[in-house]
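Shown next, in C-alpha cells, is the structure this report addresses.
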Amino acid sequence: MTEEKRKDPKGRNLRAGESMKGGRYRYSYIDATGKRIDLYSWTLTAKDPVPPGKKQKPGESLREKEAQADRANQIDATGGNMTVYQLMERYVKLKMPDVRETTRNGYRTQLNYMATDHLARRKSVK
C-alpha cells in the first residue's frame, strides 16, 4: 500500500508534523526535554496571504516557525557533561548567519575571552 499524502485546501503537500484545522496550520514536535510543542499560524509559507480579518506578523508563517524551532532544538543544555563554553560555542554557531556584524564581533570577543580564561583556570588548577 502506498501512503496517501496529506494536502491542504490549496493542494500543497503537508510535511510530517504539520496539519490543518479550522483554517489554521499546526506543527507539532517534541523538544529535547520530551515536552510536546505546538506551533500555530494562519499561513503555511511566507508568500501566502493572511485570511481576511486575521492578524499575523511578518515572518510568522508555519514553515518559518518550524525552521526557528529546528535551530533552537539543536541547542540542548541538558546534554550531559557540557561546559558553558561548549554551550556558548553551539549557540554562536547557530546564530552567526542571522545577526549583524557588530553582534558577530561581540560573540567572537566573548568566546575568545572565555577560551583564554578557561585555559588559564585549567593551568592554575594543575
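The values are calculated or read from the model by the stated rules, or taken from the named source; none is laboratory data. Note that the structure is predicted; figures quoted are calculated from it, not measured. Reconstructed Cβ throughout: ideal geometry from the backbone, glycine too, with neighbour counts over all protein chains shown. Accessible surface areas use protein heavy atoms only, side chains included; no ligands, DNA or RNA. Shrake-Rupley method; radii C 1.70, N 1.55, O 1.52, S 1.80 Å.
Selection over the range 27-44 of residues that are touching a residue at least 24 places away in the same chain (Cβ under 8 Å) and within 17 Å of Arg63 (Cβ to Cβ) gives a count of 6.
Scanning the range 55-98 for residues that are of a type outside the set (D, E, K, R) and modelled with pLDDT of 85 or more, we see that the one that is most open to solvent (accessible area, probe 1.4 Å) is Gln56. The sole residue among Met20, Met1 that is modelled with pLDDT under 80, aliphatic (A, V, I, L, M), out of contact with any Ser or Thr (no Cβ under 8 Å at 6 or more places or on another chain) and over 24 Å from Val92 (Cα atoms) is Met1. Among the numbered conditions (1) closer than 30 Å to Trp42 by Cβ; (2) modelled with pLDDT of 85 or more, the only one that Asn105 does not meet is (1).
Within the range 27-51, restricting attention to residues that are under 13 Å from Ala69 (Cβ atoms) and of a type in the set (Ser, Thr, Tyr), the residue that is least open to solvent (accessible area, probe 1.4 Å) is Ser41.
For the range 4-18, the condition of being in a strand (DSSP E or B) and of a type in the set (A, V, I, L, M) holds for none of the residues.
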